[in-house]
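Participant: Input: one structure, supplied below.
The values are calculated or read from the model by the stated rules, or taken from the named source; none is laboratory data. Note that this is a predicted model, so its numbers are computed, not measured. We place every Cβ from the backbone using ideal geometry, glycine too, and count neighbours over all the protein chains shown. Only protein heavy atoms, including side chains, enter the accessible area calculation; ligands, DNA and RNA are left aside. Shrake-Rupley method; radii C 1.70, N 1.55, O 1.52, S 1.80 Å.
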Amino acid sequence: MHDVMHGVLGLYNYWIVIILMMTGFYTVIARPNLVKKIIGLFIFQTSVFILFISMAKIEGGTAPIISEGARIYSNPLVKALASTPIRYPTS
Amino acid sequence: MEEHLINNVLLGLLMMTGFAIVRMRSLLAVTMLTSIYSLLSASLFVVLDAVDVALTEAAIGAGISTILMLATVALTTDEEKAPRHKPLLPLFVVVATGAALIYGTLDMPHYGDPMAPIHLHVAPTYLHVTPEEIGVPNVVTSVLASFRGYDTLGEVTVIFTAGAGVLALLGYRTRRRNSQNPEIRKMVVLRVITKLFFPLILLFALYVQFHGDYGPGGGFQAGVIFATGFILYALAYGLGNVQRIIPYRTLRIMMVAGVLIYIGVGIESMLLGGKFLEYRILADDPVTGQHLGIMLIELGVGITVAAVILIIYYGFVSRQHQEPPEDT
Amino acid sequence: MGAAVHILSWICLLGGACFLLVGAIGVLRLPDFYTRLHAVSVSDTMGAGLVLAGLMLQGGLSMVTVKLVLIFYFMIFTGPTATHALAEAALQAKLKPVVDDREP
Amino acid sequence: MSNLKHAFNLTLFLFAVWLLLSGHYTPLMLVLGAASTLLVVFLAIRVAIIDREIQPVLLKPSVLFYWFWLAWEIIKSNLDVTRRILSPGLPISPKIFTVRAGQKTELGRVTYANSITLVPGTVTMDIDEDIFTVHALTQAAAADLERGEMNRRVCSVENVF
């Protein structure tokens, strides 16, 4: 029982991400309106960021800004990767 | 424990907002919901330690995207037509894909696991090397601007291309219109508050620009906030007035100048005997050189981004005014 | 930081949360757009204000508190401006308000 | 001449904000701060929006006193509106009425309008010169505003601006 709970909590983020992703995907393929399609893409894209950043999180870590008193930092590389494509929807 | 709770609640809210977005017909409402969705995900990014991403998302998704989307809706229609047939096939595709993906997650490392493969290879190196070689506390900035400077150059070029594309597609016809229309004159609260906050927003943008080394921020976010200040001014006082502060020509020059600053830093480091974008050549002390290089290229990014966003905005809005007034 | 300050800050945070909740309940219960603006006003002033006060107590005398004070000023100015803009827009769109005609 | 003085005040104010925000007081950061401030002031001059309205008036004693009074009003009416929202019968009696603003300047009027909106229970809906259309949640809140105490107080701090 404990294992199941642990597994559910450990994968909860990914499952929500997948539901969001599918919401966006559905909007893109099922709705004819172009603005709606773009918003669907936007939801899809954000869910991908959440997926990346959930993977980058370390239990008990802090944001990767080097400072005294912090020992564990979450993964900085993923954040750099995720903040690059976030900028394209404007374009 | 609280972190987990906040994380889960935010994810739940995101899901609800997502469903509401799909179901709503009124595109104006959908646009506002998208803005809320974006703000929620920005808060989620803060909980997940991605402060840089959160700042970007808040500035872009909740700010600029909403304005541009509203401009689009204003140019087209704000009511979505009802779909013609039952969406059974898309629904099936979506459920099948989702089920396959969820099956795939069963093998993934658990959330927050410090031993996940993603944390073991490249990331620790960046965390170790950054304080010694770059001397910048914000590791994300050092990765973006220094270790992966080529990528960021590519990104600036993409944004530049987008600006050029919008220029080519939408164009911009200067039209000497009397921009102070009577409706605007009446909104005295908006005008006075805008007047009070316009300098503060610009100052805050510059603060974000120059403190990207120490905290979340940097050229991109700064450029967006800077543009937001002008867009706010344009909303309260009309496009004509904001063009008195930054004319269109200046924007086009700025758009190119930002990219040129970036490339110029690269060429300068080549002239000094290093490789392209090898900042440590730029000063006697390698750490100072890195710092200088990062600051300069961030400045370039900021200038280009601000200019491109304003160009897109000008393009949209100048077009809006050309439409013959049908519904008045 | 003393335990008293800690407890006080949590009282502020929870109180703020309660007022935010009241604002949300108000939006659901009140009859029309204009009356709902008053409910939003509750969460805008008391809710957000108390949450910020609680965070300031947590932050102590530091840069964080300075930034929170700046956020507070920002909210005091922009909150009512946004509410007013909404009300004015609704009025211009000729949205009919629910008005109580009885003499008080 | 007075424009110059206002520009100077704005510069000081913005630089103070920069110092408050920054938290890094190395020479480089101070120079960048000064440069940023000057750039913003330059842009502000370009639109000629510099007039008396951007001064840091928020901290002068009489204005501070007004803030405290307003905060107390806000707390009182917050509790009132909260009670009405939560009580089962929903005892509200919405009313639309107009008040006359006694302020001379635009900034004074905006302060008054925003103070009205900031207090839950009353929202300024429309401003036509010095006639405000106000929506009130209850007759009591409306009567409170019509007594005009807030108007007087804003008028008295207006002279400081």
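Participant: Using Cα centres only, tell me the gap between segment D:64-124 and segment B:60-106 in whole Å.
Facilitator: 41
Participant: Also: Probe radius 1.4 Å, ligands and nucleic acids ignored: give me the carbon and sulfur share of the accessible area of segment C:3-92 as a rounded percent.
Facilitator: Working: 3480 of 4180 Å².
Carbon plus sulfur share of accessible area: 83 percent.
Participant: Here is a further query. Carbon and sulfur together cover what percent of the accessible area of segment A:2-87 at a 1.4 Å probe radius? Don't jump to the answer; show the numbers that get you there.
Facilitator: Numbers: 2460 of 3360 Å².
Carbon with sulfur: 73 percent of the solvent-accessible area.
Participant: Over chain B, with every protein chain in place, what whole percent of the accessible area is carbon and sulfur at 1.4 Å, could you tell me? Walk me through the numbers on the way to the answer.
Facilitator: Details: 9960 of 14920 Å².
Answer for chain B: carbon and sulfur cover 67 percent of the accessible area.
Participant: What is the projected area of the convex hull of the Cα atoms of the protein assembly as shown, averaged over all directions, in nm²? Present the calculation step by step, with values, prior to reporting the outcome.
Facilitator: Values: hull surface 136.4 nm².
Dividing the Cα hull surface by four gives the mean projection, 34.1 nm².
Participant: A further question follows. Which lysines have a Cα less than 28 Å from the Cα of A:Lys57, not counting those fewer than 8 places away in the same chain?
Facilitator: A:Lys79, C:Lys67
Participant: Mind checking the dipole of the protein assembly as shown: about its Cα centre, +1 per Lys or Arg Cβ, -1 per Asp or Glu Cβ, Debye to the nearest 20?
Facilitator: Values: 47 positive and 46 negative charges, 369 e Å.
Its charge dipole is roughly 1780 debye.
Participant: Related question: Under 20 Å between alpha carbons, and skipping anything fewer than 8 positions from A:Lys36 in its own chain: which lysines qualify?
Facilitator: Those lysines meeting the cut-off are B:Lys81, B:Lys86.
Participant: Test of understanding: in a Gaussian network model of chain A with alpha carbons linked when under 10 Å, which of A:Gly40, A:Gly69, A:Gly24 would top the mean-square fluctuation ranking?
Facilitator: A:Gly69
Participant: If you average the C-alpha positions of segment B:19-44 and of segment B:222-300 separately, how far apart do those two centres end up, in angstrom?
Facilitator: 33
Participant: Translational diffusion coefficient of segment B:201-296 at 20 °C, 1.002 mPa s, Stokes-Einstein with Kirkwood Rh over Cα pairs, in µm²/s as a whole number. Walk me through the numbers on the way to the answer.
Facilitator: Values: Rh = 15.1 Å.
For the chosen part, D equals 142 µm²/s.
Participant: So, R0 is 60 Å and r is the distance between the beta-carbons of B:His128 and D:Leu90; what FRET efficiency does that work out to, to 0.05?
Facilitator: Once the sixth-power term is evaluated, E becomes 0.45.
Participant: Then there's this: In segment A:2-87, if every C-alpha pair distance is counted and binned at 10 Å from zero, what percent goes to each bin?
Facilitator: 17, 33, 30, 15, 4, 0
Participant: Under the classification rounded if a/c is under 1.5, otherwise prolate if a/b is larger than b/c and oblate if not, where does chain B fall, given a ≥ b ≥ c as square roots of the Cα gyration tensor eigenvalues?
Facilitator: It is oblate, given that a/c is not under 1.5 and a/b is not larger than b/c.
Participant: Which residues of segment A:48-71 end up with at least 20 Å² less accessible area in the presence of all protein chains than when their chain stands alone, using a 1.4 Å probe?
Facilitator: A:Ile50, A:Ile53, A:Ser54, A:Met55, A:Lys57, A:Ile58, A:Glu59, A:Ala63, A:Pro64, A:Ile65, A:Ile66
Participant: Another one. In nanometres, what is the gap between the two model label sites at A:Glu68 and B:His121, each 7 Å from Cα along Cα-to-Cβ?
Facilitator: If labels sit at A:Glu68 and B:His121, their model points lie 3.6 nm apart.
Participant: With a 1.4 Å probe, how much accessible area is buried between chains C and D, both sides summed, in Å² to the nearest hundred?
Facilitator: Numbers: alone 7610 and 10550 Å², together 14920 Å².
The summed interface area works out to 3200 Å².
Participant: May I pose another question? First measure r as the distance between the Cβ atoms of A:His6 and B:Arg84, then evaluate 1/(1 + (r/R0)^6) with R0 = 45 Å and state the FRET efficiency to the nearest 0.05.
Facilitator: Values: r = 47 Å, r/R0 = 1.04.
The calculated FRET efficiency here is 0.45.
Participant: Right, another one. Which residue fluctuates the most in chain B, going by a Gaussian network model with Cα springs under 10 Å, if the choices are B:Lys81, B:Lys195, B:Lys275?
Facilitator: Its mean-square fluctuation being the largest, the pick is B:Lys81.
Participant: Follow-up question, since we're still on this one. From a point 7 Å beyond the Cα of B:Ala29 in the direction of its Cβ, which residues of segment C:7-24 have a backbone N at a distance under 20 Å?
Facilitator: Counting only backbone N, you get C:24.
Participant: On to the next question. D plus B alone minus the pair: what accessible area, both sides summed, probe 1.4 Å, in Å² to 100? Spell out each step's value before the answer.
Facilitator: Numbers: alone 10550 and 19940 Å², together 27720 Å².
Summed over both sides, the interface buries about 2800 Å².
Participant: Between C:Gly60, C:Gly49, C:Gly16, find the one with the highest GNM mean-square fluctuation for chain C; connect C-alpha pairs within less than 10 Å.
Facilitator: Its mean-square fluctuation being the largest, the pick is C:Gly60.
Participant: Something else now. Let me have the relative contact order for segment B:108-259, percent, based on Cα pairs under 8 Å that are six or more residues apart. Please list the in-between numbers first.
Facilitator: Numbers: 101 pairs, mean separation 37.3, N = 152.
It rounds to 25 percent for segment B:108-259.
Participant: Could you give me the ³J(HN,Hα) list for segment B:248-265, computed from phi with Karplus coefficients 6.51, -1.76, 1.60 and θ = phi - 60°, whole Hz, x at Gly and Pro?
Facilitator: 4, 4, 4, 4, 5, 5, 4, 4, 6, 4, x, 4, 5, 4, 4, 5, x, 4
Participant: Heavy-atom accessible area per residue, the protein assembly as shown, 1.4 Å probe: how many Å²? Before the final figure, lay out each step's value.
Facilitator: Values: 31930 Å² over 684 residues.
So the protein assembly as shown comes to 47 Å² accessible per residue, rounded to a whole number.
Participant: Another question, then. For the interface of chains B and A, what total accessible area is buried with a 1.4 Å probe, rounded to the nearest 100 Å²?
Facilitator: Working: alone 19940 and 7150 Å², together 20380 Å².
So the buried area, both faces added, is about 6700 Å².
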